[in-house]
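The values are calculated or read from the model by the stated rules, or taken from the named source; none is laboratory data. Keep in mind it's a predicted model, so treat the numbers as computed, not measured. Don't worry about glycine lacking a Cβ; one is built from the backbone with ideal geometry, like all the others, and counts go over all protein chains shown.
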Amino acid sequence: MDIITVRNLKKCYGSGERQVRALDGVELTVSKGEFVSVMGASGSGKTTLLNMMGGLDMPDEGEVYVDGVNLSGLRESELAVFRRRKVGFVFQEYNLVPTLTVEENILFPLDLDGSAPEQGFLEEVVSLLGLEERMQSYPHTLSGGQKQRVAIARALAAKPPVILADEPTGSLDSRSGQNVAGLLKMAAEHYHRTLVMVTHNRELAQLADRVVYMENGKIGK
Ligand SMILES: Nc1ncnc2c1ncn2[C@@H]1O[C@H](COP(=O)(O)OP(=O)(O)OP(=O)(O)O)[C@@H](O)[C@H]1O
Ligand SMILES: [Mg+2]
């Protein structure tokens, strides 16, 4: 069963001479529980595609379905709810809130959604990611790898069916990057989540069930 369907997705930024065709007819389907890596040169449209799948940006043409929902049919307020419940994001730069503790960062998406944490589940996620001792720490006291593990826990907290990770190891050294990518894969498998990960690292891309390549705003055959 497909959980993500992307059809003929097109997106241009800017206008006139400065117009950039970021997506030029992307077709992609991802099955429930599948782990897909997205590779491709800088500027090929990987982040743009991920943002469209996560409802962070809207296409000019084409459609994105996630878990049965057509994103173009949603109003801004509905999109905000979609983002909180259906997708967990992991970004290269972690995007933790510096004034919140690790625990508060992990709970942040649930707080935004007004939902109560499921205690047993959260404890398990925190232990799976080896963060038990750091729950009361602030982000600036953590290493890059630790910060990214917090971001992964945060992405899982609201139990979204889909995890979207944009170069999650891009700011880490190779050992820490391997560790983080391995944990991301392990957590996605353990909780039967669908994972789409953008990476420039061929070795880490191979952890996925399938690797797709973007070139000039398209996914290669
Ligand atoms: N908000 C924006 N405004 C203008 N141009 C944009 C915007 N977002 C992306 N672009 C352009 O669209 C193209 C695709 O960008 P995108 O960020 O998707 O590439 P990418 O494959 O993620 O690259 P990288 O590997 O460097 O992260 C690029 O030419 C980029 O400059
Ligand atoms: Mg990018």
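Within segment 14-40, take every residue that is within 10 Å of ligand 1 (Cβ to nearest atom) and of a type in the set (Gly, Ala, Ser) and give me the one that is surrounded by the most Cβ atoms within 10 Å (Cβ to Cβ).
Ala22
Look through Ala153, Ala158 and report the one residue that is away from ligand 1 (no atom under 16 Å from the Cβ) and modelled with pLDDT under 95. Talk me through it step by step, then tell me what you get.
On the way: Ala153 fails: modelled with pLDDT under 95.
The conditions single out Ala158.
Each row is one residue, and each column tells you yes or no for (1) within 16 Å of ligand 2 (Cβ to nearest atom); (2) in contact (Cβ under 8 Å) with a residue 24 or more places away in the chain; (3) out of contact with any Cys (no Cβ under 9 Å at 6 or more places or on another chain).
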{"site": "Val20", "(1), (2), (3)": "yes, no, no"}
{"site": "Val26", "(1), (2), (3)": "yes, yes, yes"}
{"site": "Val30", "(1), (2), (3)": "no, yes, yes"}
{"site": "Gly33", "(1), (2), (3)": "no, yes, yes"}
{"site": "Val36", "(1), (2), (3)": "yes, yes, yes"}
{"site": "Leu50", "(1), (2), (3)": "yes, yes, yes"}
{"site": "Met53", "(1), (2), (3)": "yes, yes, yes"}
{"site": "Asp67", "(1), (2), (3)": "no, yes, yes"}
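Does Pro109 satisfy the criteria of being touching a residue at least 24 places away in the same chain (Cβ under 8 Å) and either more than 18 Å from the chain's Cα centre (by Cα) or not in a helix (DSSP H, G or I) (or both)?
Values: touching a residue at least 24 places away in the same chain (Cβ under 8 Å): yes; either more than 18 Å from the chain's Cα centre (by Cα) or not in a helix (DSSP H, G or I) (or both): no.
No: the conditions fail for Pro109.
Please work out if Arg193 is at pLDDT 95 or above, surrounded by 17 or more Cβ atoms within 10 Å (Cβ to Cβ) and more than 25 Å from Lys46 (Cα to Cα). Please lay out each step first, then the result.
Details: at pLDDT 95 or above: yes; surrounded by 17 or more Cβ atoms within 10 Å (Cβ to Cβ): yes; more than 25 Å from Lys46 (Cα to Cα): no.
In short, no.
Residues checked against (1) farther than 24 Å from Met1 by Cβ; (2) among the aromatic types (Phe, Trp, Tyr); (3) part of a helix (DSSP H, G or I):
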| site | (1), (2), (3) |
| --- | --- |
| Ser37 | no, no, no |
| Ser44 | yes, no, no |
| Thr47 | yes, no, yes |
| Met52 | no, no, yes |
| Glu63 | no, no, no |
| Ala80 | yes, no, yes |
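Every residue in segment 156-180 that is outside any strand (DSSP E or B), more than 14 Å from ligand 2 (Cβ to nearest atom) and under 12 Å from the mean Cα position of the chain (by Cα), please.
Residues of segment 156-180 that are outside any strand (DSSP E or B), as a first pass: 156-161, 167-180.
Now restrict to residues that are more than 14 Å from ligand 2 (Cβ to nearest atom): 156-161, 172-180.
The answer is Leu156, Pro160, Pro161.
Part of a loop (DSSP other than H, G, I, E, B), within 16 Å of ligand 2 (Cβ to nearest atom) and either in contact (Cβ under 8 Å) with a residue 12 or more places away in the chain or buried (at least 17 other Cβ atoms within 10 Å of the Cβ) (or both) - does that describe any residue in segment 203-220? Walk me through it before giving the result.
Residues of segment 203-220 that are part of a loop (DSSP other than H, G, I, E, B), as a first pass: 206-209, 216-217, 220.
Subset that is within 16 Å of ligand 2 (Cβ to nearest atom): 216-217.
If we keep only those that are either in contact (Cβ under 8 Å) with a residue 12 or more places away in the chain or buried (at least 17 other Cβ atoms within 10 Å of the Cβ) (or both) too, we end up with 216-217.
Looking for residues that are part of a loop (DSSP other than H, G, I, E, B), within 16 Å of ligand 2 (Cβ to nearest atom) and either in contact (Cβ under 8 Å) with a residue 12 or more places away in the chain or buried (at least 17 other Cβ atoms within 10 Å of the Cβ) (or both), one finds at least one in segment 203-220, hence yes.
Go through the residues of segment 140-149 one by one and say whether even a single one is more than 16 Å from ligand 1 (Cβ to nearest atom) and in contact with a strand residue (DSSP E or B) (Cβ under 9 Å, 6 or more places away or on another chain). Let's see the steps before the verdict.
Here is the first cut: in segment 140-149, the ones more than 16 Å from ligand 1 (Cβ to nearest atom) are 140-149.
Keeping just the survivors that are in contact with a strand residue (DSSP E or B) (Cβ under 9 Å, 6 or more places away or on another chain) gives 148.
Yes, some residue in segment 140-149 is more than 16 Å from ligand 1 (Cβ to nearest atom) and in contact with a strand residue (DSSP E or B) (Cβ under 9 Å, 6 or more places away or on another chain).
Mind listing whichever residues of segment 47-104 are away from ligand 1 (no atom under 16 Å from the Cβ), more than 25 Å from Thr199 (Cα to Cα) and acidic (Asp, Glu)?
Result: Glu76, Glu78, Glu103, Glu104.
Looking at (1) in contact with a strand residue (DSSP E or B) (Cβ under 6 Å, 6 or more places away or on another chain); (2) closer than 15 Å to Met214 by Cα; (3) surrounded by fewer than 19 Cβ atoms within 10 Å (Cβ to Cβ), which one does Gly43 not meet, given that it meets all the others?
(1)
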